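Below is one structure, written out as structure tokens; comments come after it.
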Amino acid sequence: MTSGDEPIGRRVARWRARRRLTQQMLADRLGRSKSWVDKVERGVRALDRYAVIQEVAEVLRVDPLVLLGERRTTPSTGAGRLDGVDGIRAALARYDVPHPTGSVAETGRHVGHAWLTYQHARYDQVIRLLPRLLHAAQGVRSAEPELLVQAYRIASSVLVKLGEADLGWLAADRAVAAAGGDRVLAGAATISAAQALRALGYDRLALVAALAAAHRIASAPPPGPETSPAGPAATAVHGTLLLQAALAAAGCGDAHRAGELTGRAAEVAARVAADDPHRTGFGPVTVELAEVVAAVELGDARAAVVRHEQVVRRDAWRLLPAEYRAAYLVDAARAYLRVGDPGGAGRVLVDADGVAPAEVRCRPVARTVLAEVASARPAPAGVARLATLVGLSR
């Protein structure tokens with residue numbers, strides 16, 4: 001029996017086993033009964049609604065097209081696939097401390113270039129840069145640990161984007177370790193760790209980690225002769241950690257706590273300055289965007305759509321990095337789908353593709369949303385062309 005002929009229930013069972021989940025654990029995460037899962041896996045109950053397939057796929061951390069038997073789990077190079085992850089994996093597997101391959105200043109310039117490349121969503125270039133960048137940053141670690149933290153954070157961010165959240169979490173964990181006792185630097189690394197944990201479906205762990213790091217920054221002693229100044233960098237990291245905690249709370253279904261945390265983040269954003277060396281992008285507009293995403297996670301899609309249509313009119317919205325805007329637009333497309341407006345979802349996805357094509361064409365999460373929009377009959381304008389470019393046309 002080929003992969004395409006295999007019943008969908010058997011694929012669910014196979015991926016559940018690979019994720020080390022019992023039927024009860026999968027049922028709990030889906031909000032279903034164990035009997036429902038058992039019947040799906042045995043083929044007694046049909047799994048024929050795309051929204052439900054997508055829900056199961058999210059819990060199993062696979063592309064829904066894998067469950068549908070329409071895509072291999074390790075696709076060849078082409079639309080939606082970027083080579084080079086193995087090189088990053090090999091770089092992360094090194095435990096020796098290499099000799100410096102360049103000066104601190106030169107490595108710093110390379111790290112800054114990698115950040116800008118990432119923020120422009122040129123992920124293929126970032127992947128090619130990272131193995132050498134990690135090696136170089138390891139070499140100057142003793143002189144400038146912040147460069148290694150930033151290199152690990154870039155690696156974590158792009159790996160999470162490309163559906164390699166397990167490896168992304170490893171890179172983020174390395175960043176936290178490299179930060180040592182620097183509360184702000186460790187907080188910046190924890191932002192990446194929380195993002196990876198959320199991508200893995202461990203929202204509660206992400207919530208605990210983000211809140212702990214935010215508390216350490218908030219409780220730091222005031223600047224003085226014996227302490228490094230907190231400054232605007234600490235404020236931006238603190239606020240971003242609160243937003244990560246809010247999104248994790250939303251992922252846990254805790255609307256009250258999510259609202260409380262976004263409220264606290266808004267208070268922090270009101271006093272944030274322009275200095276943002278840790279590339280958080282934090283400010284009042286990112287708080288509003290997080291409120292939209294939290295509403296989507298909490299199932300209040302109608303409120304999410306209303307807020308979205310307001311926030312994208314802000315001047316500050318257009319000043320955010322291309323990667324940030326396009327990633328957010330994919331979440332906004334999910335909101336439109338959930339209110340039964342595939343046309344709105346299609347327009348937002350096409351906008352996202354115009355801002356940062358790789359965000360739509362290379363991210364498994366975005367491809368999943370695109371596949372659902374493209375399945376509408378008739379497909380919204382521009383979506384059929386985009387689906388063909390991405391390799392999702394049927």
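The values are calculated or read from the model by the stated rules, or taken from the named source; none is laboratory data. Since this is a predicted model, take the numbers as computed values, not measurements. So basically every Cβ, Gly included, is an ideal-geometry build from the backbone, and we count neighbours across all protein chains shown. The area values use the complete protein model at the heavy-atom level, side chains included, leaving out ligands, DNA and RNA. Shrake-Rupley method; radii C 1.70, N 1.55, O 1.52, S 1.80 Å.
Summary table
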| quantity | calculated |
| --- | --- |
| Test: residue in segment 260-275 that is among the β-branched types (Val, Ile, Thr), touching a Phe, Trp or Tyr at 6+ places or on another chain (Cβ under 9 Å), buried (at least 16 other Cβ atoms within 10 Å of the Cβ) and not in a helix (DSSP H, G or I) | yes |
| Cross-chain or 6+ apart pairs with Cβ under 8 Å, segment 1-16 first and open to solvent by 30 Å² or more (accessible area, probe 1.4 Å), then modelled with pLDDT of 75 or more and among the acidic types (Asp, Glu) | Arg10/Glu41; Arg16/Glu41 |
| Segment 82-124, residues that are among the hydrophobic types (A, V, I, L, M, F, W, C), in a loop (DSSP other than H, G, I, E, B) and open to solvent by 70 Å² or more (accessible area, probe 1.4 Å) | Val97 |
| Residues satisfying the stated conditions in segment 17-29, i.e. assigned to a helix (DSSP H, G or I), open to solvent by less than 40 Å² (accessible area, probe 1.4 Å) and not small (Gly, Ala, Ser) | Gln23, Leu26 |
| Which listed residue is over 21 Å from the mean Cα position of the chain (by Cα), within 15 Å of Arg363 (Cα to Cα) and modelled with pLDDT under 95, from Arg141, Arg71, Arg81, Arg94 | Arg71 |
| Checking Asp48 against (1) in a helix (DSSP H, G or I); (2) modelled with pLDDT under 90; (3) open to solvent by 30 Å² or more (accessible area, probe 1.4 Å), the condition it does not meet | (1) |
| Where a residue in segment 292-321 is at pLDDT below 95 and its partner, wherever it lies, is open to solvent by less than 20 Å² (accessible area, probe 1.4 Å) and not in a helix (DSSP H, G or I), with Cβ under 7 Å and at least six apart | Ala316/Gly283 |
| Selection from segment 372-394 of residues that are part of a helix (DSSP H, G or I) and either open to solvent by 10 Å² or more (accessible area, probe 1.4 Å) or more than 15 Å from Val350 (Cα to Cα) (or both) | Glu372, Ala374, Ala384, Arg385, Thr388, Leu389 |
| Residue match in segment 149-164 (condition: acidic (Asp, Glu) and closer than 23 Å to Ala206 by Cβ) | yes |
| Failed item, numbered, when Arg61 is tested on (1) without any contact (Cβ under 8 Å) to a residue 40 or more places away in the chain; (2) surrounded by 15 or more Cβ atoms within 10 Å (Cβ to Cβ); (3) not aromatic (Phe, Trp, Tyr) | (1) |
| Answer from Gly168, Gly181, Gly163 - the residue that is outside any helix (DSSP H, G or I) and within 30 Å of Ala57 (Cβ to Cβ) | Gly163 |
| Hits in segment 138-158 - residues which are among the hydrophobic types (A, V, I, L, M, F, W, C) and either under 19 Å from Asp86 (Cα atoms) or open to solvent by 40 Å² or more (accessible area, probe 1.4 Å) (or both) | Ala143, Ala151, Ile154, Ala155, Val158 |
| Any pair with Cβ under 6 angstrom, 6 or more apart, that starts in segment 333-355 at a residue that is over 14 Å from Ala371 (Cα atoms) and ends at one that is surrounded by fewer than 20 Cβ atoms within 10 Å (Cβ to Cβ) and modelled with pLDDT of 95 or more | Val339/Arg302; Val355/Ala322 |
